[in-house]
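Novice: Below you will find the structure I want to go over with you.
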Amino acid sequence: MSGSSYRVRAYSVRHEYDVTEFLEAYRSLLQSAVDEIWARIRWIEKPAEPKHGVPGVRYTARRLIPILPKDGSFKHHELREKLKEAWPHAVHYVDSAIKLAYSILRSWRRNYLKGDRGREKPRVRRRFARVKETLYVLRDGRLRITLDARERYLEFDLRNAWFWKRAKGEPGELIVREDSLILTFREICNKEEPAKRLAWDSNEASLDAFDPELGWVRVDLRGLYHIHRVYEQKRRRLQELASRKPSLRGVLGKYADRERNRVMDAAHKLTTELARRFPETEHRFERLEKGEMFNGGRAHNRRLAKADWSMVRSMLAYKAGVGEPLDPRNSTRRCSRCGGMNKAPKGAVFECGSCGLRVDRQLNAAVNLYLQMEGLPHDPRWFDRVVGGFALTGEERDGNPDEPSRGSSVVIPQSCVCRSKTT
């Protein structure tokens with residue numbers, strides 16, 4: 001099975017043009033488009049089960065469902081003509097604002113239906129402008145962006161830019177910011193069936209996967225967690241000082257930016273190494289929503305907030321390829337050998353009350369996700385043959401004849417992506 005898809009890459013260029021007034025006008029235009037579309041939304045009342053209810057109690061509630069206006073006469077004529085009246089620049093920016101406003105409201109609607117947003121109208125706060133293909137000319141490395149038709153332009157010479165020789169594909173929409181320009185290039189790539197698939201179990205300090213050929217594969221995330229922890233301590237000390245010296249509040253923002261940059265740098269290096277170690281591999285992750293995992297415990301919530309699963313998943317999506325998410329329910333409680341349900345393990349070792357299996361809890365979850373990904377049932381004979389070669393609990397063998405013997409199809413987890421096999 002094969003097909004085609006697009007690979008989109010974005011590059012940033014710094015500039016010194018004074019476009020603050022233009023970007024503020026575009027922000028106001030975009031907010032006006034959102035306001036006009038919001039006023040045309042129809043609200044339909046439907047029964048729905050609440051997202052957060054009393055455990056063990058089933059009940060339904062009446063809920064308002066928003067329906068965005070899709071009438072072409074409104075979208076392409078009435079709305080466009082109304083926004084053009086107060087827009088002094090090139091008219092095609094009105095089309096760009098309408099398209100972006102619908103995108104903002106569709107995103108708000110998805111989050112609203114999931115229960116993550118209320119009925120508040122989205123507000124546009126950032127200054128930027130999205131430039132359609134009809135508003136710029138790119139020829140031989142020279143870029144010209146139209147602000148006012150036949151009057152005002154922004155010109156860039158990209159021939160000496162660091163990315164120009166590596167940029168491939170057709171140029172797409174641009175984004176103008178106050179101090180930078182974002183260029184996108186869209187390249188058609190053939191999408192083929194992956195040679196291998198890995199299902200990753202997401203944990204606080206690691207990503208764990210199982211493969212019949214490689215065995216147990218572990219990726220250490222403690223470096224990412226350490227960055228968050230270090231800057232958490234720095235912010236805590238600064239907040240105590242800033243309460244007495246307000247001039248230090250600006251330093252808090254600087255540390256927040258530095259934390260974000262270092263985390264993104266570490267995540268990029270990690271995902272690039274994964275893409276190189278596992279070529280032609282599709283990666284599958286659990287469908288995890290941190291917002292649904294927060295509870296009343298402050299320590300638990302703070303540890304959970306430091307997890308960067310979503311960032312790793314999004315970076316791998318364009319570097320290697322990410323498939324449909326997996327259902328995480330009972331992946332830790334279910335025995336990967338016999339399929340029996342057990343109590344959630346409190347320590348590092350999972351013990352099955354049905355078949356007596358003792359295995360590392362993260363390896364147990366990784367095997368369960370692998371079986372779910374491949375659509376395979378739980379089979380003790382398959383488990384003993386394929387998974388059973390590892391010293392599953394990390395302990396010495398006790399001489400029990402029923403204990404799985406060591407084989408060659410396994411991997412000893414290390415502090416990095418590991419593929420070396422045991423002897």
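Novice: Consider the stretch 156-182. How many of its residues are in a strand (DSSP E or B) and farther than 15 Å from Arg144 by Cα?
Specialist: Qualifying residue count for the region: 1.
Novice: Still on this structure, please answer the following. Assuming Pro345 fulfils every condition listed in (1) modelled with pLDDT of 90 or more; (2) farther than 30 Å from Arg260 by Cβ; (3) in a loop (DSSP other than H, G, I, E, B) apart from one, which condition is it?
Specialist: It fails just one condition, (1).
Novice: Do any strands (runs of 3 or more DSSP E) entirely within the stretch 183-285 hold 1 or more residues that are of a type in the set (Val, Ile, Thr), in contact with a strand residue (DSSP E or B) (Cβ under 7 Å, 6 or more places away or on another chain) and touching a residue at least 12 places away in the same chain (Cβ under 8 Å), and if so, which?
Specialist: Ranges flagged: 215-220, 281-285.
Novice: Within the stretch 22-54, take every residue that is within 29 Å of the chain's Cα centre (by Cα) and closer than 30 Å to Gly296 by Cβ and give me the one that is modelled with the highest pLDDT.
Specialist: Checked the stretch 22-54; the qualifying residue modelled with the highest pLDDT is Ala48.
Novice: Sort through Arg110, Arg119 and tell me the only one that's outside any helix (DSSP H, G or I) and out of contact with any Pro (no Cβ under 6 Å at 6 or more places or on another chain).
Specialist: Testing whether each residue is outside any helix (DSSP H, G or I) and out of contact with any Pro (no Cβ under 6 Å at 6 or more places or on another chain) leaves just Arg119.
Novice: Which of the residues belonging to the stretch 130-181 are closer than 18 Å to His15 by Cα and polar (S, T, N, Q)?
Specialist: Thr146, Asn160, Ser180
Novice: Let me ask something else about it. Taking the stretch 125-153 only, how many residues are closer than 30 Å to Asp35 by Cβ and within 33 Å of the chain's Cα centre (by Cα)?
Specialist: 13
Novice: Scan the stretch 92-111 and tell me whether some residue there is of a type in the set (Gly, Ala, Ser) and surrounded by fewer than 12 Cβ atoms within 10 Å (Cβ to Cβ).
Specialist: Yes: the stretch 92-111 contains one or more residues that are of a type in the set (Gly, Ala, Ser) and surrounded by fewer than 12 Cβ atoms within 10 Å (Cβ to Cβ).
Novice: Please verify whether Arg7 is closer than 21 Å to Trp164 by Cα, of a type in the set (D, E, K, R) and in contact with a helix residue (DSSP H, G or I) (Cβ under 8 Å, 6 or more places away or on another chain), treating the condition exactly as stated.
Specialist: yes
Novice: Give just the number: which of (1) within 22 Å of the chain's Cα centre (by Cα); (2) surrounded by 14 or more Cβ atoms within 10 Å (Cβ to Cβ); (3) assigned by TED's automatic domain parsing to the domain that holds Gly323 does Leu183 not satisfy?
Specialist: It is condition (3) that Leu183 fails.
Novice: Take the conditions at pLDDT below 90 and not in a strand (DSSP E or B) and apply them to Arg7. Does it pass?
Specialist: no
Novice: Pick out the one residue from Lys254, Lys168, Lys245 that is in the same structural domain as Asp140 (by TED's automatic domain parsing), at pLDDT below 90 and over 30 Å from Leu369 (Cα atoms).
Specialist: None of the others qualify; the one that does is Lys168.
Novice: Given (1) closer than 24 Å to Ala195 by Cα; (2) crowded, with 16+ Cβ neighbours inside 10 Å; (3) not aromatic (Phe, Trp, Tyr), where does Glu324 come up short, assuming only one miss?
Specialist: (2)
Conditions (1) surrounded by fewer than 14 Cβ atoms within 10 Å (Cβ to Cβ); (2) of a type outside the set (Phe, Trp, Tyr), marked per residue:
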residue	(1), (2)
Lys245	yes, yes
Arg249	yes, yes
Ala267	no, yes
Phe278	no, no
Glu282	no, yes
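Novice: Identify all residues within the stretch 327-339 that are basic (Lys, Arg) and surrounded by fewer than 17 Cβ atoms within 10 Å (Cβ to Cβ); write none if there are none.
Specialist: Arg329, the sole residue that qualifies.
Novice: Looking at the structure I just gave you, is Arg229 assigned by TED's automatic domain parsing to the domain that holds Pro279, of a type in the set (Lys, Arg) and within 30 Å of Gln362 (Cβ to Cβ)?
Specialist: Judged against the criteria, Arg229 is a match.
The values are calculated or read from the model by the stated rules, or taken from the named source; none is laboratory data. Everything numeric in this text was worked out from a predicted model, so none of it was measured. Virtual Cβ from ideal backbone geometry, glycine too; neighbours counted across all protein chains shown.
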